[in-house]
1. Name every residue in region 121-159 that is under 23 Å from the mean Cα position of the chain (by Cα), surrounded by fewer than 18 Cβ atoms within 10 Å (Cβ to Cβ) and assigned to a loop (DSSP other than H, G, I, E, B), in order of residue number.
2. Which residue pairs have Cβ atoms under 7 Å apart, sit 6 or more places apart or on different chains, and have a first residue in region 379-391 that is of a type in the set (D, E, K, R) and a second that is surrounded by fewer than 14 Cβ atoms within 10 Å (Cβ to Cβ) and part of a loop (DSSP other than H, G, I, E, B)?
3. Can you find even one residue in region 314-327 that is acidic (Asp, Glu), farther than 22 Å from VAL198 by Cβ and assigned to a loop (DSSP other than H, G, I, E, B)?
4. Just a yes or no: is a residue in region 445-453 touching a His at 6+ places or on another chain (Cβ under 7 Å) and in contact (Cβ under 8 Å) with a residue 40 or more places away in the chain?
5. Any residue at all in region 233-248 that's farther than 30 Å from PRO31 by Cα and surrounded by fewer than 15 Cβ atoms within 10 Å (Cβ to Cβ)?
6. Mind listing whichever residues of region 340-361 are under 29 Å from TYR248 (Cβ atoms) and surrounded by fewer than 16 Cβ atoms within 10 Å (Cβ to Cβ)?
7. Here is a list: ASP518, ASP539, ASP527. Which entry is among the charged types (D, E, K, R) and under 30 Å from the mean Cα position of the chain (by Cα)?
8. Count, please, the residues in region 453-494 that happen to be more than 28 Å from the chain's Cα centre (by Cα) and of a type in the set (A, V, I, L, M, F, W, C).
Amino acid sequence: MKYFLLLVLSFTVSYSQSSYPDDFISPLEIPIDLSGNFGELRSNHFHSGLDIKTQKREGLNVLAVADGYVSRIKISTFGYGKAIYITHSNGYTTVYAHLQKANGAIEDYIKKKQYAAKSYEVEMFPAANELPVKQGDVIAFSGNSGGSGGPHLHFEFRDTKTENIVNPLHFGFTKFVKDVHKPAFQTLMVYPIDNAVVNKSEIPALVSFSKQADGNYLAATVKTNGKIGFGINVYDNCTNPYNKNGVYKITAHLNGVLYYESIFDTFAFAETRYINNFIDYATYKNKQQRFQKLFFETPYPLSVVTNAKNNGIINTQPNTNYTLKIEISDYQGNTTKLSIPIEYANEEAIVKAKPTETSYKLNAKVENNYSKDNVSVYIPENAFYDNFDLEFDVKDQILYLHNEMIPVQKHITITFSDVQNLTEAQMEKTFIASLDGVKLDYNSTKRKGNSFSARVRNLGTFKLAQDLVPPRIYNVNFIEGRNLMQQKILRVSVSDNLSGINTYNAYLNEEWILMEYDYKTNTLQHDLSDKKYKEGRNDFKVIVTDEMQNSTTFESYFFMNP
């Protein structure tokens, strides 16, 4: 553990002391107002850049922040949506995501590749001489594509060689991002460890605190008889007093000694799912509140944690008092402190922990296999962060695999074998579904004979289900037989009741045309400026297929007469 922390500490110190180029311009021509900052806690990941508001609209000019060349373009339905990557000569790459569309030669390049591949989703790696850009060039227009919750620009920096993500504020962006707000403590939690009792509770308990005259906080005294850890729910308003963004740095000193520290300077994509061990995952799943834990029971490789004495766990001793001082900071140095007095007290628990013993003791460091009634579960080593008592059962062909309060780091494999009660037609439409009450969620499933298997990254309830219903195509935005010469877009709505949309293809006069799929609005649309139509009658066809290969075809026609 000491060796791991020394490596992380030396990496962080050397990286933090590096000089970063700061001759970049802003990617937008409007004042920078952030809806998300670097390292912010998100679902299953740390936020990897800055989310810049675009005044609730799309179509703003997106600028190359420095000279370079477009080295990667990825167009996808989910995730970053339409994204452009520009490599610069100083060793860094900038990323611009959730775009509406690219500009000029870059957009022409994308459309050419999409039509060649006959696919909306494409990924390209142009050579250095294909799409050069100069600082200030309009490379694209801001949008809301992919997994975006509203119009904005996602902007980030990456080390070109390692592909590690780096905090954009290192690159002189504090001149664009004005932050005068101090971070704030929202909630404090204390966690008993190894059968300790804390504040007469055997389970995690909230600790009250009050704001002092100097703007810092003082917590009520924590009384315990053993090992404890703390978790904090904190935020930073950053560029405005309304958004609750993440904090840059957290330190905790126990009786004046540095006990825990996390800093969001940089991290690797391979680390990002460890957020589920970085936070109190069970509380997040129960209450949608993210408590950053200032401790961990089993060491894990997360470089943003730069110091953790005794894993951040405080082992209180009789006749000894402690003070834990937590300081939260933003990148500009605005800080807020919370002081927590801790006393040793051997008190009886009033709030008791519920017994969790089961027949299965899961050791997280080794492979685990479980099976019953032709249902089996394979769990690779280190799929979980800590050991725990696993609930596993199969009843009426339904798998009960613990619950969603335990995070899963690696994929586990679920297999339903020797399935006998289905016809061949049903077999072809069968998949392993996650069951949430009566709601079924599709998991990508492989079939081999009479067996079905799926790799999942969550616990819960699972069963075999069939999707026999094809997708719907509806809300066509033109009347059949009309002249559409003044129309700019062909649009249809699509939906699927269970397994989800898998493929979509559209044709004009039997020639493939590009349609963009937006899963948030359930729409497919074609830009008539692609000029794939002909004068006179045009026959239009859309074919949509779901994950279980149920298919629907819509056909119509329109005229294009000047």
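1. GLU121, GLY147, GLY149, GLY150
2. Short answer, once both residue conditions are applied: GLU381/LYS365; GLU381/VAL366; GLU381/GLU367; ASP389/THR356; ASP389/GLU357.
3. The answer is no, given that none of the residues of region 314-327 is acidic (Asp, Glu), farther than 22 Å from VAL198 by Cβ and assigned to a loop (DSSP other than H, G, I, E, B).
4. Residues of region 445-453 that are touching a His at 6+ places or on another chain (Cβ under 7 Å), as a first pass: none.
Looking through region 445-453, none of the residues is touching a His at 6+ places or on another chain (Cβ under 7 Å) and in contact (Cβ under 8 Å) with a residue 40 or more places away in the chain.
5. Looking for residues that are farther than 30 Å from PRO31 by Cα and surrounded by fewer than 15 Cβ atoms within 10 Å (Cβ to Cβ), one finds none in region 233-248, hence no.
6. Passing the criteria: only PRO341.
7. ASP518
8. Matching residues across region 453-494 total 11.
The values are calculated or read from the model by the stated rules, or taken from the named source; none is laboratory data. Given the structure is predicted, the values throughout are model-derived calculations rather than measurements. Glycine gets a Cβ as well: all are built from the backbone with ideal geometry, and neighbour counts include every protein chain shown.
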